[in-house]
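Here's the structure, in structure tokens; my notes come after.
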């Protein structure tokens, strides 16, 4: 079956549009600060969801490398693990669904994690984890600032 002139012309137009869009993506013409920020939020949400799922694996008894069993932990550590397993999943899902209120939920979870790290016994692990969390929070605020639309001076 042969294509008519109209079908062939339509195919050529679709092909040219698809080729132009592919090159535009490769040349970063369609990338804006808002899209980069959204990608950062989604990446951060995936990390926090994975963190919460690992905590639930420990609670449910699934063997996780470099983590002791839930039964071997002290009662305060068990309480922290259960609290942060719930908080991390809620913060990750909230950040994935809506950066506006999800960012606030994530910041509350991150600040609670900073308080937990300050209260921990190990000084080297505490300092490293606190530095990483503060760096991620700084990236979060920088991404928020970059995604804000420019205000009109005339208005």
Peptide ranges 112-118, 89-95, 67-73 listed from the most packed, as the mean C-beta count within 10 angstrom indicates: 89-95, 112-118, 67-73
Rounded, prolate or oblate (a/c below 1.5 giving rounded, otherwise prolate when a/b exceeds b/c) for the stretch 32-147 by Cα gyration tensor: prolate
For the stretch 34-48 and the stretch 55-130, distance of Cα centres in Å: 19 Å
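No lab work stands behind these numbers, since they all come straight from the coordinates. What you see is a predicted model; the values in this text were computed from it and never measured. Note: ideal-geometry Cβ built from the backbone for every residue, glycine included; neighbour counts use all protein chains shown.
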